[in-house]
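A short write-up of the structure that comes next.
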Amino acid sequence: MSKPISEKKTVKLLTDMCVSEGIDKVVISPGSRNAPLIVSFAAIDAFECFSIVDERSAAFFALGMAQQTGKPVALVCTSGTAVLNYAPAIAEAYYQNVPLVVITADRPGEWIDQADGQTIRQEGIYSNYIKYDCSLPVDLYTPEDEWYARRMISEAFIHCRKGMAGPVHINIPLREPLYGRTVHQQKRVTPIQYIKASNGLSEDALKELVTHSHSTERIMILVGMRHPDETLTTQLNLLSQHERVIVLTESMSNSHGDSFIRCIDRIVGSLREDEGPLFRPDLLITLDGPVLSKMVKTLLRQYPPREHWHLSAAGQVVDTYQQLTRVVEADPVKVLAQLHQHLEPTKSRFRETWHRRAEVTAQIHHDYVKSLAWCDMKAFDAICMHLPKPSVIELGNSTPVRYAQFFDNFQQTQSFANRGTSGIDGCVSTAVGAAYVQNLPVVLLVGDLSFFYDSNALWNKYLSDNLKIVVINNGGGGIFRFIPGPGDTEELDEYFATAHSMTAEMIARQFNVHYLQSADEASLLTLLPDFFSHQGPAILEVLTPMKENGKLLRNYFAMLKK
Ligand SMILES: Cc1ncc(C[n+]2csc(CCOP(=O)(O)OP(=O)(O)O)c2C)c(N)n1
């Protein structure tokens, strides 16, 4: 039976993670705010604890041990100037590449700068000489808090050892009372593992990946926003031939293959409550680049994979699905090639399950769009059928980037969008810049608010002939009529959708850009060929009924579920 330790959940998590990460030496300096840390580290047999009053010397003592063993040593002190006294040894460890895990107790945020004792601004206090720093939540009230804290502690250990070793800082705010103890329920904590594999996976790591992949009939490779990369696409195509592998891509994945699942939202949007487990992977493999589909994110958070490997050239620790088990710092192409070489053919219905649903939902999609009255979705359908081939698509944030996810044609072009931070503020300027250096037609699909917001993009001497801008003018921020929440408020028109009746015509005239306008399907179909073949920059404004779009999009998902 384990001994009682501090009742603080953050301290329990931190000490558990220190055990899993193999910390065996802890240098403690006395104090009150760090009492929960002291009683816990001292009570756990896995740690050899040292007591040194002077924090400055304590930190150099830890440095000496870590320097000789090459293993991280933990330091624990109270709040206030105690923290500053670690600084000389931390700076030395930083330039000497010695791994130290610096744990400082702190007051909760509301007490900082309130003339309370031993309280200074501790977050980021060593910022010039530290490989990673974080401040844990004050308590772990929700599973999200726990996931957040676990991820930050994992990251601290990763950065402590990654590449050139060095010091990391975990600040831990603790609220009174500080001395309560309890015997916690034993929970398994699994730190995120970090594997460095610049030249591909080592024999051991490869063996593990292969063992995992062999023990599963359900592997999902989810590709988010990426620049076109032929070698990656080739590897993904090879892997997608396996019965137990599905490759999910989005319009901005810029990776195309006959066996890929392209319109993710169509499929995930069709799943009933009880169907999630059928579509869940056991092993999820992701690459750098954000994934747009909220639906697939929700699915994977609700039905988490047993293992999630993130392959990242930059070694980024990104846990979008809250279940990350490993980060592999490597060229993903190399790792996927190794996986392909070792993956034996196995009977599995996983790929078939996804593909069957893809076929069914494709049919529903086509029937629904065909039957639609005039609206944004109908306009997208017409536009995507007339896109010049080849062309480069720039997608405005808000609904354009999401509508593009539903249509197959958009999955077969080169598509880009400002999804790094998803602002509506620079979509037009980005397209102007892209068109300037691109020989292919560059087609921007953008909402009216995003267009007006960034209409200064046209006040620019570098508008090129290949630039074609389609403004989907639905009289405001159409997204707010679709997402749950704003639609039920009386502020919808004025403050969310910011309804208006402006058009882009005068702006086009002001900047001497060719302008066309359509307000129904027949005129759009007539104008599209002229628009795309116009010799010079052009704007096609498509007017759609403001209030219908949200309803029709909601109906679309209702139809998919039927
Ligand atoms: C700079 C910035 N401000 C605010 C937002 C929040 N926002 C997201 S979508 C949106 C409305 C966009 O409307 P529109 O461009 O007309 O596209 P639609 O919703 O009709 O597709 C707003 C204001 C944002 N993403 N970026």
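The values are calculated or read from the model by the stated rules, or taken from the named source; none is laboratory data. Quick caveat: nothing in here was measured; it's all calculated off a predicted structure. When we count neighbours, we look across all protein chains shown, and the Cβ atoms used for this are built from the backbone with ideal geometry, even at glycine.
For the stretch 284-291, the condition holds for at least one residue, the condition being that it is touching a residue at least 12 places away in the same chain (Cβ under 8 Å), over 30 Å from TYR556 (Cβ atoms) and surrounded by fewer than 18 Cβ atoms within 10 Å (Cβ to Cβ).
Evaluating SER415 against the criteria (1) in a loop (DSSP other than H, G, I, E, B); (2) surrounded by 21 or more Cβ atoms within 10 Å (Cβ to Cβ); (3) of a type in the set (Ser, Thr, Tyr) leaves one unmet condition, (1). Screening VAL138 against (1) surrounded by fewer than 17 Cβ atoms within 10 Å (Cβ to Cβ); (2) in contact (Cβ under 8 Å) with a residue 60 or more places away in the chain leaves a single unmet condition, (1).
Residues of the stretch 455-470 being under 29 Å from the mean Cα position of the chain (by Cα) and either free of Cβ contacts under 8 Å to residues at least 40 places away in the same chain or more than 16 Å from the ligand (Cβ to nearest atom) (or both), which ones?
Here is the first cut: in the stretch 455-470, the ones under 29 Å from the mean Cα position of the chain (by Cα) are 457, 469-470.
Scanning the stretch 455-470 gives a single hit, ALA457.
Taken as a whole, the condition of being of a type outside the set (S, T, N, Q), more than 12 Å from the ligand (Cβ to nearest atom) and within 16 Å of GLY478 (Cβ to Cβ) does not apply to PHE416. Quickly run through the stretch 435-454 and pick out the residues that are surrounded by 19 or more Cβ atoms within 10 Å (Cβ to Cβ) and away from the ligand (no atom under 12 Å from the Cβ). Scanning the stretch 435-454 gives ALA435, PRO441, VAL442, VAL443.
Consider the stretch 216-256 and keep the residues that are over 15 Å from VAL291 (Cα atoms) and of a type in the set (Lys, Arg). The one that is surrounded by the most Cβ atoms within 10 Å (Cβ to Cβ) is ARG244. Restricting the stretch 141-179 to residues that are free of Cβ contacts under 8 Å to residues at least 12 places away in the same chain and more than 25 Å from the chain's Cα centre (by Cα), the residue that is farthest from ILE5 (Cα to Cα) is GLU176.
Taking the listed residues VAL27, VAL19, the one that is under 25 Å from VAL189 (Cα atoms) and either in a loop (DSSP other than H, G, I, E, B) or out of contact with any helix residue (DSSP H, G or I) (no Cβ under 9 Å at 6 or more places or on another chain) (or both) is VAL19, with no other qualifying.
Number of residues in the stretch 509-527 that are under 24 Å from ILE479 (Cβ atoms) and in a helix (DSSP H, G or I) equals 2. Answer with yes or no whether VAL19 is within 37 Å of the chain's Cα centre (by Cα), of a type outside the set (D, E, K, R) and modelled with pLDDT of 95 or more. In short, yes. Tell me yes or no: at least one residue of the stretch 261-283 is of a type in the set (Gly, Ala, Ser) and closer than 19 Å to LEU209 by Cα. No: zero hits.
Before we move on, is ILE424 touching a helix residue (DSSP H, G or I) at 6+ places or on another chain (Cβ under 6 Å), over 30 Å from LYS370 (Cβ atoms), part of a loop (DSSP other than H, G, I, E, B) and not aromatic (Phe, Trp, Tyr)? Spell out how you get there, then give the answer.
Values: touching a helix residue (DSSP H, G or I) at 6+ places or on another chain (Cβ under 6 Å): yes; over 30 Å from LYS370 (Cβ atoms): yes; part of a loop (DSSP other than H, G, I, E, B): yes; not aromatic (Phe, Trp, Tyr): yes.
Considered against the rule, which asks whether it is touching a helix residue (DSSP H, G or I) at 6+ places or on another chain (Cβ under 6 Å), over 30 Å from LYS370 (Cβ atoms), part of a loop (DSSP other than H, G, I, E, B) and not aromatic (Phe, Trp, Tyr), ILE424 comes out as yes.
Residue-wise test of (1) of a type in the set (A, V, I, L, M, F, W, C); (2) within 16 Å of the ligand (Cβ to nearest atom); (3) under 23 Å from PRO441 (Cβ atoms); (4) surrounded by fewer than 18 Cβ atoms within 10 Å (Cβ to Cβ).
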{"position": "ILE472", "(1), (2), (3), (4)": "yes, yes, yes, no"}
{"position": "ILE483", "(1), (2), (3), (4)": "yes, yes, no, yes"}
{"position": "ILE507", "(1), (2), (3), (4)": "yes, yes, yes, no"}
{"position": "LEU516", "(1), (2), (3), (4)": "yes, no, yes, no"}
{"position": "LEU524", "(1), (2), (3), (4)": "yes, no, yes, no"}
{"position": "ASN549", "(1), (2), (3), (4)": "no, yes, no, no"}
{"position": "LEU552", "(1), (2), (3), (4)": "yes, yes, no, no"}
{"position": "PHE557", "(1), (2), (3), (4)": "yes, no, no, yes"}
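Given VAL247, VAL296, VAL268, VAL223, which one is more than 18 Å from PHE416 (Cβ to Cβ), in contact with a Ser or Thr (Cβ under 6 Å, 6 or more places away or on another chain), at pLDDT 95 or above and among the hydrophobic types (A, V, I, L, M, F, W, C)? Don't jump to the end; show me each part of the working.
On the way: VAL296 fails: in contact with a Ser or Thr (Cβ under 6 Å, 6 or more places away or on another chain); VAL268 fails: in contact with a Ser or Thr (Cβ under 6 Å, 6 or more places away or on another chain); VAL223 fails: more than 18 Å from PHE416 (Cβ to Cβ).
Residue meeting the stated conditions: VAL247.
GLY117 falls short on exactly one of the conditions (1) surrounded by fewer than 16 Cβ atoms within 10 Å (Cβ to Cβ); (2) modelled with pLDDT of 95 or more, and that condition is (2). Just to be sure before I move on: is PHE410 within 16 Å of the ligand (Cβ to nearest atom), more than 21 Å from ASN460 (Cα to Cα) and in contact with a strand residue (DSSP E or B) (Cβ under 8 Å, 6 or more places away or on another chain) in the structure I sent? Spelling it out, PHE410 is indeed within 16 Å of the ligand (Cβ to nearest atom), more than 21 Å from ASN460 (Cα to Cα) and in contact with a strand residue (DSSP E or B) (Cβ under 8 Å, 6 or more places away or on another chain). Within the stretch 368-406, the set of residues being away from the ligand (no atom under 16 Å from the Cβ) and in contact (Cβ under 8 Å) with a residue 40 or more places away in the chain comprises TYR368, LEU372, ALA373, ALA382, HIS386, LEU387, PRO388, PRO390, SER391, VAL392. Of all residues in the stretch 6-48, those satisfying the criterion of being of a type in the set (Gly, Ala, Ser) and crowded, with 22+ Cβ neighbours inside 10 Å are SER6, SER29, SER40. When the stretch 70-114 is filtered for residues that are part of a helix (DSSP H, G or I) and in contact with a strand residue (DSSP E or B) (Cβ under 8 Å, 6 or more places away or on another chain), the ones remaining, listed by number, are ALA82, VAL83, ALA89, ILE90, ALA93, TYR94, GLY109.
Residue under question is VAL542, and the condition is that it be in a strand (DSSP E or B), over 18 Å from VAL432 (Cα atoms), of a type in the set (A, V, I, L, M, F, W, C) and touching a residue at least 12 places away in the same chain (Cβ under 8 Å); does it hold? Working first, answer last.
Details: in a strand (DSSP E or B): yes; over 18 Å from VAL432 (Cα atoms): yes; of a type in the set (A, V, I, L, M, F, W, C): yes; touching a residue at least 12 places away in the same chain (Cβ under 8 Å): yes.
When the stated conditions are applied, VAL542 passes them.
Residue by residue through the stretch 485-505, note down the ones that are within 16 Å of the ligand (Cβ to nearest atom) and either in contact with a His (Cβ under 6 Å, 6 or more places away or on another chain) or part of a loop (DSSP other than H, G, I, E, B) (or both). Within the stretch 485-505, GLY485, THR489, GLU491, ALA497, THR498, ALA499, HIS500, SER501, MET502, THR503, ALA504 meet the criteria.
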